[in-house]
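> So that we are looking at the same thing, I have put the structure below in structure tokens.
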Amino acid sequence: MTLRLFDTATRTVRDFVPLVPGEVGVYLCGATVQSAPHIGHLRSAVAFDVLVRWLRRSGNRVTLIRNVTDIDDKILAKAAEAGEPWWAWAMLNERAFTAAYDALGVLPPSYEPRATGHVPAMIELMTRLVEKGHAYSTSPGDVWFDVRSHDEYGSLTNQRIEDMIPAPDGTVDDDAKHDPRDFALWKAAKPGEPETAAWDTPFGRGRPGWHLECSAMAQRYLGDTFDIHGGGLDLRFPHHENEQAQSRAAGYGFAQYWLHNGWVTQGGAKMSKSLGNGLLVTAVLAKERACVVRYAMTAVQYSSMLEWTDDTLREAEATWDRLAGFVDRATEKVGEVHDIEVATVALPDEFVAAMDDDLNVPAALAVVHEHLRTGNSALAAGDTALARESMVVLRAMLDVLGLDPAGSHWRSTRGDERYVHALESVVAAELEARAQARAVRDFATSDAIRDRLAAAGIVVEDSSTGARWSLAARSEAEG
């Protein structure tokens, strides 16, 4: 089966055919570093991390460009409020985003360009648009894209120009635009803004508009035409519509496929600081394990909305512990498995079909859980060969999702292995004592041991082959 993706531009699921066989270029709109990241900011990074991992597992060489917007109105305003230079404020928050990406196991991009490092490319693109009659300047520093000069404007979001809302850009010359929907390519510096936040251009001194930077950086690193452009659903209009218009008006093919991830919601509303419902990543990770947060964000298909609740996390925690627990028990029985084996083992056809179906992660996880059940049954029956086979394939599928419990990232974050070994030894001794008590029908002692383990967050399950244990979900352990 060929990978099929839902293309937002055509509003259809299409076979994915890269421009160059075996080579895939992806541009992902990254962070505007005005403040520290909340969970909603990371949905896009995690969703497209799964795409990149699957493309690579499928044999492609992927170039991922994820930009950083390090200059805009909000950055200047918040830096001024904090009494910090704007560039220092931007870097502080950029580092917070990087730490959040790293914590959740998001692979680094091939390159992560900053807007401020690509001003010459932006000026070149802007000049090209002016020369082609698609842009104009009204006063020194203000340059606009003429939306009516480009016949395809509105095609990405299937809108007529007459139905679009105006594009206020917060410039001093908004009223001079030819059409209220014309958007800023370049913005004149405002009184009181730092001198360092402006650059000279043939059209006057100022700084880039939001949309221009992405077109310039995508063309710089991926060429005139590339495969996939991605970002959050909220970026479709006006940001992505404007990117496509200015790039194609300049004569570039730009993105061949558009992918958009759903939001993280709370109470059905998009998570954002403006609504007062943002959950800072640092606050979440102070209470939850990063692996659990990653699982919660990965388990929902990328284009679906993800409702963020305590139940979401508790379900993710219980599932992660079952998966990691099996991998630990199987590894103890069969020994360590080399990462190269996990990276090269054949994946189940059903898993491949699910991932090729527009990255249908819920269906892919159903296959993972089938192998979990098979592996647990094999361990209980003492069939180490089947247990090993199930564990290797399960790890390989989870690796595609960035969730391999024994992979290098999560293995390094799971704490001191001496504590794990100590816990396993203590529980094993308790279960042995319980088994002896049951053998002589001393059920009072047997029940007391089981209750003692339950109070410590250990769930005991009896089976025909003996007792098995696992960690309780946090709500059970705390209850």
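> What's the total number of residues in region 232-254 that are buried (at least 23 other Cβ atoms within 10 Å of the Cβ) and closer than 23 Å to Thr265 by Cα?
Within region 232-254, residues that are buried (at least 23 other Cβ atoms within 10 Å of the Cβ) and closer than 23 Å to Thr265 by Cα number 1.
> Evaluate the following for Tyr295: is it surrounded by 15 or more Cβ atoms within 10 Å (Cβ to Cβ) and not in a helix (DSSP H, G or I)?
It is false that Tyr295 is surrounded by 15 or more Cβ atoms within 10 Å (Cβ to Cβ) and not in a helix (DSSP H, G or I).
> Of Tyr302, Tyr252, which residue is of a type in the set (Phe, Trp, Tyr), in the same structural domain as Lys74 (by TED's automatic domain parsing) and part of a loop (DSSP other than H, G, I, E, B)?
Tyr252
> Oh, and also: Restricting to region 140-159, name every residue that is within 30 Å of Pro191 (Cβ to Cβ) and among the hydrophobic types (A, V, I, L, M, F, W, C).
Result: Val143, Trp144, Phe145, Val147.
> Among Arg220, Arg207, which is among the basic types (Lys, Arg) and part of a strand (DSSP E or B)?
Unique residue meeting the criteria: Arg207.
> Step by step: first the residues of region 375-393, then only those that are without any contact (Cβ under 8 Å) to a residue 60 or more places away in the chain and within 20 Å of Ala353 (Cα to Cα), then the one that is surrounded by the fewest Cβ atoms within 10 Å (Cβ to Cβ). Which residue is that?
Checked region 375-393; the qualifying residue surrounded by the fewest Cβ atoms within 10 Å (Cβ to Cβ) is Val392.
> Can you tell me which of (1) in contact (Cβ under 8 Å) with a residue 40 or more places away in the chain; (2) over 30 Å from Ala290 (Cα atoms) is the one Glu131 doesn't meet?
It is condition (1) that Glu131 fails.
> From the list Asp356, Asp339, pick out the single residue that is of a type outside the set (A, V, I, L, M, F, W, C), at pLDDT below 95, out of contact with any Pro (no Cβ under 7 Å at 6 or more places or on another chain) and not assigned by TED's automatic domain parsing to the domain that holds Ala467.
Asp339
> Taking Gly230 as meeting all but one of (1) under 30 Å from Ala121 (Cα atoms); (2) outside any strand (DSSP E or B), write down the number of the exception.
Looking at each condition in turn, Gly230 falls short on (2).
> In addition: Considering only residues of region 1-28 that are hydrophobic (A, V, I, L, M, F, W, C), out of contact with any helix residue (DSSP H, G or I) (no Cβ under 6 Å at 6 or more places or on another chain) and touching a residue at least 60 places away in the same chain (Cβ under 8 Å), which is farthest from Tyr295 (Cα to Cα)?
Leu19
> Which count do you get for residues in region 94-140 that are part of a loop (DSSP other than H, G, I, E, B) and closer than 20 Å to Ala245 by Cα?
Within region 94-140, residues that are part of a loop (DSSP other than H, G, I, E, B) and closer than 20 Å to Ala245 by Cα number 3.
> Return a yes/no flag: does region 143-152 have any residue that is β-branched (Val, Ile, Thr), in contact with a strand residue (DSSP E or B) (Cβ under 6 Å, 6 or more places away or on another chain) and assigned by TED's automatic domain parsing to the domain that holds Arg128.
yes
> Within region 120-137, identify whether any single residue is crowded, with 22+ Cβ neighbours inside 10 Å and under 22 Å from Gln34 (Cα atoms), and answer yes or no.
Yes, region 120-137 contains a residue that is crowded, with 22+ Cβ neighbours inside 10 Å and under 22 Å from Gln34 (Cα atoms).
The values are calculated or read from the model by the stated rules, or taken from the named source; none is laboratory data. A quick note: this is a predicted structure, and the numbers were derived from the prediction, not measured. In this analysis, Cβ positions are derived from the backbone assuming ideal geometry, glycine residues included, and neighbour counts consider all displayed protein chains.
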